[in-house]
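Asker: Got a structure here, written out as C-alpha cells. Questions coming.
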Amino acid sequence: MLDLFAKNVPMVAIMTILKQIKEQPNVTFLLLTKNPRHMDLYELPANTVIGATIESDCNHPVSLGAPIIT
C-alpha cells in the first residue's frame, strides 16, 4: 500500500502509476491519501475512487461501536 500523493512521492512516479491505471479501464482503483490537496495537481482517471484521511487535533469521545440490539 502506498500513499500515492504523499509529499515524498516523485511526480514521475505518480504520473507513471496514473498512466497504468488509465490503461486498465475495466478495473476500479481505490486511491487513499493523507494529502488530498496534492491530488488536485493531477487529472485522475475515470476508473478511480478517491478517499482522504482527515485528521484533527480536537479530542473526540471514543466510540465503543454500535449498540447491541436484542
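The values are calculated or read from the model by the stated rules, or taken from the named source; none is laboratory data. Source: prediction; values computed, not measured. All Cβ positions, even for glycine, are placed from backbone atoms using ideal geometry, and neighbour counts span all protein chains on display. These area figures cover heavy atoms from the full protein model, side chains too; ligands, DNA and RNA do not enter into them. Shrake-Rupley method; radii C 1.70, N 1.55, O 1.52, S 1.80 Å.
Asker: Taking into account only those residues within the range 36-67 that are part of a loop (DSSP other than H, G, I, E, B) and at pLDDT 90 or above, which is most open to solvent (accessible area, probe 1.4 Å)? Walk me through it before giving the result.
Answerer: From the range 36-67, those part of a loop (DSSP other than H, G, I, E, B) are 40-47, 53-67; that's our starting set.
Next, only the ones that are at pLDDT 90 or above stay: 41-47.
On the way: LEU41: 122, TYR42: 26, GLU43: 159, LEU44: 49, PRO45: 16, ALA46: 109, ASN47: 21 Å².
Result: GLU43.
Asker: May I ask you to list pairs of residues, at least six apart or on different chains, whose Cβ atoms are under 9 Å apart, with the first in the range 10-25 being without any contact (Cβ under 8 Å) to a residue 40 or more places away in the chain and farther than 12 Å from TYR42 by Cβ and the second being open to solvent by 100 Å² or more (accessible area, probe 1.4 Å) and of a type outside the set (Val, Ile, Thr)?
Answerer: Sorted first by the residue in the range 10-25, then by its partner, the pairs are PRO25/ALA46.
Asker: Are any residues in the range 4-18 loosely packed, with under 12 Cβ neighbours inside 10 Å and touching a His at 6+ places or on another chain (Cβ under 9 Å), and if so, which ones?
Answerer: LYS7
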